[in-house]
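Following: one structure in structure tokens, then a few remarks.
The values are calculated or read from the model by the stated rules, or taken from the named source; none is laboratory data. Because the structure is predicted, anything quoted here is derived from the model rather than measured. Here the Cβ positions follow ideal geometry from the backbone for every residue, glycine too, while neighbour counts run over all protein chains shown. Please note that ligands, DNA and RNA were not included when accessible areas were found on the heavy atoms of the full protein model with its side chains. Shrake-Rupley method; radii C 1.70, N 1.55, O 1.52, S 1.80 Å.
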Amino acid sequence: MTTTVPIVRQRGWARTFIRNPAGVFGLVTTVALVSCALLSIVWTPYDPVHTDVLSKWHPPSSAHLLGTDNIGRDIFSVLLAGSRVTLQVAVGSALVAAVVGVVFAALGSLTARWFREIIAVLIDILIAFPTLLIAMMLASALGGSIMVVIVAVGISFGVNVGRVSRPEIRRVSRSEFVTAGIAAGLGPVRNLTRHTLPNVAPVFIVQLSWCMAVAVLAETGLSYLGYGAPVSTPSWGRVLAELQSYIGIHPLSVVWPGLAITITVLGFNLLGDGLRDATDPRLGRPEVITA
Amino acid sequence: MTLRARDLTVNIGGRTVVDAVSFDVADGDRLGIIGESGSGKSMTALAMLGLLPDGATATGSIRLDDREILGLPDRELARLRGSRIGMVFQEPRTSLNPIRTIGRQIMEPVRIHQRLGRAECRSRALELAKLVALNDPETLLSRYPHQLSGGQRQRVGIAIALAAEPQLLIADEPTTALDVTIQAEILELFDRLVDALGTSLIFITHDLAVLQSIVARALVLERGQVAESGSVEDLLRAPASPIARRIVDAARATSWQKPEAP
């Protein structure tokens with residue numbers, strides 16, 4: 001039996017994504033961040049931790065693209081190396097948050113009623129713990145590190161993801177097409193992976209991209225307070241924290257890490273929105289003619 | 001295939017919604033179940049597939065070819081669902097997954113129950129789409145539910161229910177959500193398919209006209225109990241129970257009367 005090729009089909013999600021300027025901006029900044037992080041492993045213009053008091057506060061020049069800071073480090077090199085920390089924190093937190101979120105959401109929506117209620121209370125209790133408190137507890141036990149930031153942001157955001165997507169999973173798992181799936185002979189696992197989770201995915205995508213953005217900001221704050229990356233590790237948050245006391249004298253030096261953080265955070269958010277819009281067929285991807 | 005329900009009773013939170021209902025469906029047989037909303041029609045259908053909502057319990061007996069299927073563990077039931085008993089739902093707008101293509105959804109029961117390869121599944125899906133008389137089936141298979149009309153969606157629902165070649169089809173008010181003109185087409189499709197495939201049919205409806213056009217034998221349910229059962233012809237001509245009389249009278253009152261010539 002021969003099957004003919006469809007003539008009219010909905011435009012693919014990748015093509016739809018490419019036509020959304022905001023999403024493309026998010027993709028470009030994210031790719032740029034990854035490239036910077038990879039590049040910094042093999043090359044930075046100067047040693048990012050090398051201090052040289054004689055060459056402090058150089059303005060931007062061909063030698064020092066973004067100038068030097070209060071102890072003579074090349075700011076461009078520091079930012080390049082710091083992108084590694086940013087990327088690790090963003091991706092790591094999102095992964096932890098995804099696992100924590102899916103587990104909480106699934107346990108809180110698909111189990112027996114008494115268990116669901118326990119999970120709901122547990123989520124409410126955990127939400128009351130600020131990220132900072134979790135980070136402080138972890139840091140006091142393990143010492144300040146990137147891992148502390150990842151776990152603290154991952155857990156606290158994961159609980160949030162769980163809280164937001166729990167009713168969503170519950171709603172979808174009770175919808176008629178899930179019942180229809182069971183009536184067609186689908187087992188619980190297939191039903192979850194084919195019907196329930198894909199319909200909740202847009203919520204997860206947006207939440208997790210937001211988590212990546214929040215993680216970048218949290219790294220800034222936690223490093224500032226000394227719970228984040230150790231002093232020897234260059235990070236955007238640390239640079240910003242160190243330079244902000246000179247904002248009155250050398251304002252430009254603070255602009256660079258600030259700009260890097262802002263663009264990255266914005267990029268993650270737009271990437272998430274763009275992906276959601278492009279992958280949901282209900283949002284009306286236009287139809288195209290293919291031969 | 002024979003299905004034999006005896007004293008089927010469904011309780012939800014202390015309330016009896018189906019009360020000692022018994023019926024038989026033989027090979028190639030058609031049975032109608034009619035009643036007002038809340039009479040226990042849908043619960044009877046759901047009980048047969050073990051799809052009752054949380055907190056509902058079913059007692060009594062449902063035998064499929066001398067095998068008790070009431071109270072079977074979920075794993076065992078999953079093997080029956082779709083492959084022995086197929087189900088068509090009332091609302092085709094919500095019974096299809098909005099983010100999967102029609103083709104994938106029709107292929108699903110084939111994949112699960114018949115373990116065919118990808119290409120075979122696809123050609124089977126195409127076959128099924130043609131069987132339920134979908135226009136332009138090749139294109140439709142790559143579409144999403146929101147791009148289809150209500151009637152097309154219900155045809156897809158029927159294709160899914162028949163995909164794994166069940167011997168019994170349960171249709172729970174499959175035409176209620178459709179326009180009257182589309183209703184007639186879907187009923188005609190049921191009639192044709194059930195005959196051609198030799199499938200048994202349990203057809204649930206609240207509409208006497210629909211019932212009359214598709215089955216010859218029916219149960220009348222009221223508050224979970226069988227008020228009357230027998231041929232539809234008898235039911236129409238001489239309804240014995242008060243509820244049957246009410247349903248027949250209501251149908252007469254609302255049906256269009258040809259004006260007398262002056």
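Computed values, structure above
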item	result
In region A:35-79, the residues that are of a type in the set (Gly, Ala, Ser), open to solvent by less than 30 Å² (accessible area, probe 1.4 Å) and at pLDDT below 90	A:55, A:67, A:72
Filtered residue count, region B:192-226, keeping only those that are under 18 Å from residue B:87 (Cβ atoms), touching a helix residue (DSSP H, G or I) at 6+ places or on another chain (Cβ under 6 Å) and assigned to a helix (DSSP H, G or I)	1
Meets criteria (of a type in the set (Gly, Ala, Ser) and not in a helix (DSSP H, G or I)) for residue A:72	yes
Filter result for residue A:171 (open to solvent by 40 Å² or more (accessible area, probe 1.4 Å) and at the interface with chain B (Cβ under 10 Å from one of its Cβ atoms))	no
Residue count for region B:47-73, restricted to those that are of a type in the set (S, T, N, Q) and open to solvent by 60 Å² or more (accessible area, probe 1.4 Å)	2
Matching residues, region B:74-124, being in contact with a helix residue (DSSP H, G or I) (Cβ under 9 Å, 6 or more places away or on another chain), in a helix (DSSP H, G or I), more than 9 Å from chain A (Cβ to nearest Cβ) and surrounded by fewer than 16 Cβ atoms within 10 Å (Cβ to Cβ)	B:114, B:118, B:120
Residues (away from chain A (no Cβ under 14 Å) and in a helix (DSSP H, G or I)) located in region B:33-73	B:41, B:44
Sole exception among (1) more than 20 Å from the chain's Cα centre (by Cα); (2) crowded, with 16+ Cβ neighbours inside 10 Å; (3) within 11 Å of another protein chain (Cβ to nearest Cβ) for residue B:161, by number	(1)
Output for region A:174-197, where each listed residue is of a type in the set (A, V, I, L, M) and either facing another protein chain (nearest Cβ under 7 Å) or in contact with a Cys (Cβ under 9 Å, 6 or more places away or on another chain) (or both)	A:180, A:182, A:183, A:184, A:186
Only one of B:167, B:154, B:183 that is more than 24 Å from residue B:79 (Cβ to Cβ) and either within 14 Å of chain A (Cβ to nearest Cβ) or touching a residue at least 40 places away in the same chain (Cβ under 8 Å) (or both)	B:154
Count of region B:18-32 residues which are within 19 Å of the chain's Cα centre (by Cα) and assigned to a strand (DSSP E or B)	9
All positions within region A:247-259 that are open to solvent by less than 50 Å² (accessible area, probe 1.4 Å) and either among the small types (Gly, Ala, Ser) or modelled with pLDDT under 85 (or both)	A:253, A:258
Qualifying positions in region B:227-237 - buried (at least 18 other Cβ atoms within 10 Å of the Cβ) and not in a strand (DSSP E or B)	B:232, B:235
Residue within region A:119-134 that is open to solvent by 10 Å² or more (accessible area, probe 1.4 Å), part of a helix (DSSP H, G or I), of a type in the set (S, T, N, Q) and at pLDDT 90 or above present	no
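Condition check ((1) in contact with a strand residue (DSSP E or B) (Cβ under 6 Å, 6 or more places away or on another chain); (2) surrounded by 15 or more Cβ atoms within 10 Å (Cβ to Cβ)) across all residues:
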{"position": "B:188", "(1), (2)": "no, no"}
{"position": "B:195", "(1), (2)": "no, no"}
{"position": "B:201", "(1), (2)": "yes, yes"}
{"position": "B:239", "(1), (2)": "no, yes"}
{"position": "B:242", "(1), (2)": "no, no"}
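The rows are residues; the columns are (1) open to solvent by 30 Å² or more (accessible area, probe 1.4 Å); (2) away from every other protein chain (no Cβ under 14 Å).
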| residue | (1), (2) |
| --- | --- |
| A:203 | yes, no |
| A:211 | no, yes |
| A:214 | yes, yes |
| A:228 | no, yes |
| A:237 | no, yes |
| A:245 | yes, yes |
| A:261 | no, yes |
| A:273 | yes, yes |
| A:281 | no, no |
